[in-house]
Structures are given as C-alpha cells and as structure tokens.
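Since the structure comes first, as structure tokens, the remarks are kept for the end.
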Amino acid sequence: MKNLGKNLLGAFTLLVVVAFIFSLFVNFGSSSPKNLDISQVAADVAAGTVKNITVNGNDLSLTLADGTQAVSHKESDASLTDTLKNYGVTPVELSKVDVTVQSQSGFDYWMGILLPTLVSVILMVLIFWWFFRQARMGANQAMSFGKINIRLFSANRDKVTFKDVAGLKESKEELEEVVDFLRHSKKFIDIGARIPRGVLLMGPPGTGKTLLARAVAGESGVPFFHLSASEFVEMFVGVGASRVRDLFATAKKAAPSIIFIDEIDAVGRERGAGLGGGHDEREQTLNQILVEMDGFDRDTNVIVMAATNRPDILDPALLRPGRFDRRVVLDIPDIKDREEILKIHAKGKPLDKTVDLRTVAVRTPGFSGADLANLMNEAAILAARNNRKTVTHEDLLDSIEKVMLGPARKSRVISDKEKKVTAYHEAGHALVAASLKDADPVHKVSIISRGMAGGYTLKLPIEERHLRTRSEFLADLAVSFGGYAAESAVFKDVSTGSSNDIKEATDLARRMVTQYGMSDRLGTRTFGKNDEMIFLGRELTAEKDYSEAIGTEIDEEINRIIKRTFDFAKKAVTAHRDILDKIAEALIKKETLEQEEFAALIKGSGLKSSTV
Ligand code: ATP
C-alpha cells in the first residue's frame, strides 16, 4: 500500500511536469498578437486594411495596413479564398492582399502533433512498468514465503554477559561449558568429544531464559540467531519445515553460531497428542527440527538453545541425547538472588539512602526476575511522577503491591457501608492468620482497592520454602475463609467480595485430595490424568481415571476439608469478636495497617497460636 501511494505520487508529479513543459511549448513564440475572428478578417480585407496574410495550415497570420500583427483561424476543410468569398469579399478586394501559403513544418508544428502522443506513450510505459514491478514483488514474496525472518543479535550492540544475569549460579556454570565449546571447539574435537547440539532452558516465565541465552552469545561472541517457535507455524502445511531448513542453513553458514528458539513448546509438543487432527503442520515442523539436529556433522559448530516453560509436554524425541540433551533449569530466585537482581536493575536509577534492597527482597517471595525488573521500573516511575530525583524505600514498597495486585484505586468511590464490609472482610483474614501457627505472618492489611481486589491482606513466609505441608494448606484455607466468616458473623449476610477466596480455596482443597495425597480417606494416589490439552486457549478438564463412586468420595473429602477449615475460621472470628472489631475500626480509620501497627493492635489480646 505504501508503495502504491508512492508510485501514484510519482506518476502525478511526472504528469504535472510534462503538462508544464507542454504549455511552455504551446505558448512558445506567441508575442500575443491580436486575435481576430474570421468575419473580422473578411471585413478588414474588404475595407482594404489588410496588407498580407500568411496561411499555415488553418492558422492565419495577418499584417494590417498600420503594421500591427494579428492572428486568426479558418475552417479546416475550406481554403482561405473560399472562406473570404463566402463572407462577401470580392476577387478585386482580395487581390489587393498579399496572400502567402506556408508549408506546414517547424518545431511548433511537430511538437503539436507529437507531444500528445509522446505523453500518452510515456504514461502507458510508466503504468506498465509499475504493474510489472508490483507483480515481480509479489512473486518474490511468494518465493520467500518459506524463508524465515530470523533476527541476528549483534554481539556488540546490547551486549549481555553473565555479569548481567543475577543469581542462577548453577545454570551459568552449565552454560559456561557451552561458551567454552563455542570458543575453543578444536580442543574438544581433537580429543574426540562430541559437541553438544542442544541446550534446553527450562523454567517458569520471567526467570531469565532469554537473558541467559543472550548472555551465552555475548560471552562467546558468535552470531546469535533468535526467533520464537511460533514464527515457524503458518497457515500452510510445509512452510514451517521449510523455514526450519532455512534457519539451520543460515546458521551453518555463519558457524560457529547459536540458534535460539524461544517458547519451543509451540512446535515441540508431544506428537499425536493433538485433538482431532489439524496438527500436521506443527508435527512436520517438529520433525524437520529433529532431522536438522541429527543432520549436523560432528564438527558443525552450531548450538541450538531453546527455552520453554513446559518441559513436561515436550516430545520425548526432542529430549533424547544428540538433541536437547543438556537441560538447564532456571528456578524462581531465592532471597539472595532477588537482592542481586534488584541490584542489577537499580543500575542507572539513583537510590535514596533509605533504600534497603534486602527488605524488598524479603517482601517479594515468588517474584520472578521479570517481576523484580518491573518492580524497580515502577518505583522509578513513581519517583519521577512525584518529581523526585531519587527512588525511595517507600516507592519500592508501594511498587511491590502494584506489581502483585495492580495499581491502587484510591479514587474509587465506596459507600460507608461497603467500606465497613471490606474492613471486616480483611480484618477476618488477618485475624484468622494471626491465630494460626502455620499461617504466614501478616505484613500488611489494607482496604484500598487494588486491581480487581477490594482490599488485601499481605502475608509473607518467614523464610524461603520449596515444600508445602498439609498443615500449611489447611491454615491457608482457614485464612481464605476468614473474610467470609467475619462478614457473616458481623452482618448476618455475605457479599460477593468472597467469590475469589472461595474459588481459590476450592481449587486448593481439590488439589490436596487429587494431586498431593493429603486426604487420609482416599490415600496416596492421584485422581484424574492431567494431560495438557489446550483447545481454543483453554485447558480441557483432566481425563477421569477413577470410578463414579470414587468421584463422589473425592467431592466428599473436598467438602470435609472445606468445612473443617471454614469452621475454624468461624470459631476464630466469633471467639475474638472484640479484636475483630478493633482491627476493622482501625482499618476504617487508617485504611492501611502495616505489620507493626497490626501487631500492636492484637498484642495482649489473648490470641493463641493454634492449628486447624
Ligand atoms: P518467558 O518464558 O516468559 O519468555 P524468560 O524466562 O525468557 O521469560 P526473560 O525474557 O529472560 O524471561 O526475562 C525477562 C526480564 O527479566 C529480563 O529482561 C531481565 O530484565 C529480567 N531478569 C530475569 N531474570 C533475571 C536475572 N537472573 N538477572 C537479571 N535480570 C533478570
């Protein structure tokens, strides 16, 4: 479209230029003599005031008796004498005028004939040329359909090294070996070692897989071809495979080099696991990747790196030795790594003296590297919006909640009644959390709406944990029901504010029974096969591998767990109604209670640490 516009503009400009030149020629030589009509000429001839007439085709140039010049035109199929006779000029009167007939020639004459033809021919040629060009471009596009649009990271521009990746010590060690292969491949080949072909980076979203792959490229200084697996897949069968061939051919030409395929699960899903056909294209693409990885010569120095969040759904053939045999796991960062990541992203952002990145790291368990980078950025934006030159500790703490729950919606108008309901709801969560030994300590309670939540109670674990226990889950469930229990105890009514709590609690109770073997009655087995099948973007329900009777038992167990934890929450809020009121009142007054304020409120209230 852009080209079409450009061409049209070009053609238009050309037309204007041609018309301009043409008009120059047409007016050429006309020193504006008087223009007479033929009847006037006849009258003048009759009156004897015309000295001579020069006839050139149909054009007449006249010289009058007083010496002035004039021009006129006659009809094309009649001679001048006939015309004048018809106007009543007698032969005697005519004989007094000197008539000269000129043969038609000269520049003007030829230009007059040729120019219109020339202009139209030129225009035709231009239009044809333009059409051919378009057609040729289309043909080229069709030919390059199977070509892949790979991005080549230049090692010098935006160079990333291992220093820019915080934490991930083991992953970096593993990849340092890869860098060594790329840099000093000869020493490995000489000793008969086979250079690894594929490195699979696995880990939750935002843990730095792409960053680490770029760091490998930066460290080894070789060309780095980067693309996302979804770029292989087109509407047409066979295009993906052709693009894979093209990609590997390009990388081999540039060897030693790295190919990085992001989100490999887009094409690398286990074959034959698709729903009702239609997966030919993806499977062909995957086959081609397998073939290409096999096809490397022993000493072809191309390493394929790939990233995925879902290694469990990859085709086993991709993972066998000789393909992606090196697997590097990237985990959600622990507290030390979080601090490091924060430090890296604090570069270039002047921090206030009050900032303590360790505290920020403590408050952000479960945050990925990308979340932390985002947090730092949000804090900087907050500082800039408040016209400050440095980022303060407060900015960082505020941003934690913003990243977790969405921006605060302080301006949302809520009625006093709603405010009271929200305050009791959050007070219920906080109170139940405070009365449980296995619940995480409350860090903050707030009734300021954030994102979708009306209010929130922030609980954070004391230390990093990788395993969760049944007692912790039961405590979590009881805390979830705290809001609902408080609302029903105080108002004898419940609001829609608990819907999300209930949904999450039910999910957790189901997982406890069906996946974690945490039900005494049903024992240590899983229920339902969770083979991932994504259909139209939604996960289809797990396959049922148990009887109807067991299904009923599962439901009963889920209900039992929910009832048990809900009863605990109900008991806690009714037994400590006075503390509940105190917390809710404080919330209505202050809107947000920090950890210390909350601790001061419940101190000496006789709240015991118990278990569900
Ligand atoms: P996805 O699976 O969603 O593609 P990813 O694992 O590839 O995610 P990256 O794109 O590598 O994640 O990371 C996103 C951003 O997070 C990086 O650009 C970087 O700013 C930050 N980040 C993640 N991990 C780290 C880390 N260990 N050190 C420094 N920055 C990190």
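The values are calculated or read from the model by the stated rules, or taken from the named source; none is laboratory data. What you see is a predicted model; the values in this text were computed from it and never measured. With ideal geometry, Cβ positions are generated from the backbone for all residues, glycine too; neighbour counts draw on all protein chains shown. For the accessible areas, the whole protein counts, side chains as well, though only heavy atoms, and no ligand, DNA or RNA atoms are used. Shrake-Rupley method; radii C 1.70, N 1.55, O 1.52, S 1.80 Å.
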Original post:
Could you give the distance between the Cα centres of segment 366-410 and segment 500-528, to the whole Å?
Top reply: 36
Subject >> Furthest towards positive pole of dipole, Ala370, Leu351, Leu396, structure part segment 335-405, Cβ charges >> reply: Leu351
Original post:
Taking the chain, how much of its Cα-Cα pair set, in percent, is spaced more than 45 angstrom apart?
Top reply: 50
Subject >> chymotrypsin sites (Phe, Trp or Tyr not before Pro) within segment 173-269, DSSP loop, no more than 11 other Cβ atoms inside 10 Å >> reply: Phe236
Original post:
Could you give me the ³J(HN,Hα) list for segment 184-189, computed from phi with Karplus coefficients 6.51, -1.76, 1.60 and θ = phi - 60°, whole Hz, x at Gly and Pro?
Top reply: 10, 4, 4, 5, 6, 5
Original post:
When only DSSP loop residues count, what trypsin sites (Lys or Arg not before Pro) in segment 74-135 have their Cβ near at most 14 other Cβ atoms within 10 Å?
Top reply: Lys96
Original post:
Taking Cα pairs under 8 Å and at least six residues apart, what relative contact order does the chain come out at, in percent?
Top reply: 10
Subject >> Size of electric dipole in the chain: Cβ of Lys, Arg +1 and of Asp, Glu -1, about Cα centre, debye, nearest 20 >> reply: 1260
Subject >> Cleavage-rule hits, trypsin sites (Lys or Arg not before Pro), segment 340-371, DSSP coil, Cβ neighbours within 10 Å at most 14 >> reply: Lys347, Lys353
**OP:** Putting +1 on Lys and Arg Cβ atoms and -1 on Asp and Glu Cβ atoms, find which of Pro441, Ile38, Thr552 reaches farthest to the positive end of the dipole of the chain.
**Re:** Pro441
Original post:
Which lysines have a Cα lying under 16 Å from the Cα of Lys253, excluding residues fewer than 8 positions away in the same chain?
Top reply: Lys147
Subject >> Alpha carbon convex hull of segment 335-405, volume per residue in cubic angstrom >> reply: 73
Subject >> Length added when fully stretched, Thr526-Tyr87, from 0.36 nm per residue minus Cα-Cα >> reply: 146.3 nm
Original post:
Roughly what % of DSSP beta bridges within the chain run antiparallel, to the nearest 5?
Top reply: 50
Original post:
Where does each of Ser228, Ser399 land when they are ordered by accessible area, with a 1.4 Å probe and the largest first?
Top reply: Ser228, Ser399
**OP:** Report Leu182's accessible area, 1.4 Å probe, all protein chains in place, as a number in Å² to the nearest 10.
**Re:** 10
**OP:** Note down the net charge around Leu601, summing +1 for each Lys or Arg and -1 for each Asp or Glu among other residues with Cβ under 14 Å from its Cβ.
**Re:** -2
**OP:** Pop out the ³J(HN,Hα) list for segment 384-395 in order, Karplus 6.51 cos²θ - 1.76 cosθ + 1.60 with θ = phi - 60°, rounded to Hz; leave Gly and Pro as x.
**Re:** 5, 5, 8, 6, 9, 8, 10, 8, 9, 4, 4, 4
Original post:
How would Met452, Met202, Met512, Met124 line up by accessible area, probe 1.4 Å, largest first?
Top reply: Met452, Met124, Met202, Met512
Subject >> Residues Val291 and Asn377, FRET efficiency given R0 of 45 Å [Cβ-Cβ distance, rounded to 0.05] >> reply: 0.60
Subject >> Cβ-defined net charge surrounding Thr611, 13 Å radius [Lys, Arg +1; Asp, Glu -1] >> reply: +2
Original post:
If you line up the long axis of helix 2-26 against the longest principal axis of the chain, both from Cα atoms, how many degrees apart are they, to the nearest 10?
Top reply: 20
**OP:** Would you mind counting up the charge near Asp352? Only other residues with Cβ under 12 Å from its Cβ, with Lys and Arg at +1 and Asp and Glu at -1.
**Re:** +1
Subject >> Difference of contour (0.36 nm per residue) and Cα-Cα distance, Ser95 to Arg136 >> reply: 7.9 nm
**OP:** Go through Lys544/Lys570; Lys353/Lys590; Lys563/Lys590; Lys420/Lys444; Lys336/Lys402; Lys459/Lys603 and tell me which ones have a Cα-Cα distance over 25 Å in this structure.
**Re:** Lys544/Lys570; Lys353/Lys590; Lys563/Lys590
**OP:** Please calculate the 1.4 Å probe accessible area of Arg245, with all protein chains present, and give it to the nearest 10 Å².
**Re:** 110
